[in-house]
Amino acid sequence: MSCIQYNDLVFICDASLQSSLFRDYLEKALDLRIKTTTMEGLPGLHLRPKSNILTIIDNTQINDESLDLYINYLVENSITASEVLINAPSDVAAKVIAKWPNMVGVFFAGDGIDVVAKGMKKIFEGELWLSRKLTNELISAYRHKDTMIAKPCANLTNREKEIMQLLVLGASNTQIAERLFVSENTVKTHLYNVFKKINVKNRMQAFMWAKSNHYNDLPL
């Protein structure tokens, strides 16, 4: 199965032995190098401008101020990022998750490290790792936003509808391209156009829009 390629994998955490052991386990499970830092230490990593990163964020280390620091850092360096939250409380609110630029996975404080490793592999395959409860809450939240009141078709072309059907199944851009016999750049162009039509900013919001408009119920 094709995997999403990230330029860097970053773990935002404290400088504890537990965090080091967690990083070491994931590095072995994923066969990837993980850079660790605090939110304030992000600039010290010297990540390449315009790169694509996956950020694992320890929920115990963040607040509204750190969220602002994170977003400002991404904007100032033209970095595209996806986020994975670990140690989240079981009652984490959908509105908290929606604040992040592109949250693709949420792991709860009670999840074992083997569950995190399994979920991370799915995320690298282009899937979202969200509980059913959290997914339903996010869908409900987006349904109540003005941007989600658009007609289900939203004037999408047949090709755009096909791409949204595959996206809602968790397919990555590479997998969508392979399924539809087009280039990955073509898929990206179609998604860019879809995002504008349905008025969303990232893949997760597009996923929720497609879910709320029952694209997963349509035949491929």
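The values are calculated or read from the model by the stated rules, or taken from the named source; none is laboratory data. If you're wondering where the values come from, they're calculated on a predicted model, not measured in any experiment. A quick note on method: Cβ atoms are made from the backbone with ideal geometry, for glycine too, and the neighbour counts reach across all protein chains shown. These accessible areas exclude ligands, DNA and RNA; they are computed on the full protein's heavy atoms, side chains included. Shrake-Rupley method; radii C 1.70, N 1.55, O 1.52, S 1.80 Å.
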**OP:** Just order 119-132, 17-30 by mean Cβ neighbour count inside 10 Å, highest at the front, would you?
**Re:** 119-132, 17-30
Subject >> Proximal charge balance of ALA171 [Cβ under 13 Å; K/R count +1, D/E count -1] >> reply: -2
**OP:** Average the reciprocal distances over every distinct pair of alpha-carbons in the chain, invert the result, and give the Kirkwood radius in Å.
**Re:** 18.2
Original post:
For GLN18, what charge total do you get from the other residues with a beta carbon under 12 Å from its beta carbon, if Lys and Arg give +1 and Asp and Glu give -1?
Top reply: -2
Original post:
Which angle between 0 and 90 degrees, to the nearest 10, do you get for helix 132-143 versus the longest principal axis of the chain when only C-alpha atoms count?
Top reply: 60
Original post:
Tilt of helix 17-30 relative to the longest C-alpha principal axis of the chain, in degrees (0 to 90, nearest 10)?
Top reply: 50
**OP:** Name the residues whose placed amide hydrogens come within less than 5 Å of the amide hydrogen of ALA81, ignoring near sequence neighbours (fewer than 5 apart) on the same chain.
**Re:** ILE53
Subject >> Surface share of carbon and sulfur [accessible, 1.4 angstrom probe, percent] for the chain >> reply: 51
Original post:
What does the helix-only formula give at 222 nm for the chain: each DSSP H stretch with n ≥ 4 adding -39500 (n - 2.57), the total divided by the residues, and the result rounded to the nearest 500 deg cm²/dmol?
Top reply: -13500 deg cm²/dmol
**OP:** Of the listed pairs LYS50/LYS133; LYS50/LYS196; LYS35/LYS211; LYS118/LYS197; LYS35/LYS161; LYS28/LYS197, which have alpha-carbon separations greater than 32 Å here?
**Re:** LYS50/LYS133; LYS35/LYS211; LYS118/LYS197; LYS35/LYS161; LYS28/LYS197
**OP:** Any chance you could give the angle, 0 to 90 degrees and rounded to 10, that helix 64-76 forms with the longest Cα principal axis of the chain?
**Re:** 70
**OP:** At 1.4 Å probe size, with every protein chain present, just tell me what the per residue accessible area of the chain comes to in Å².
**Re:** 53
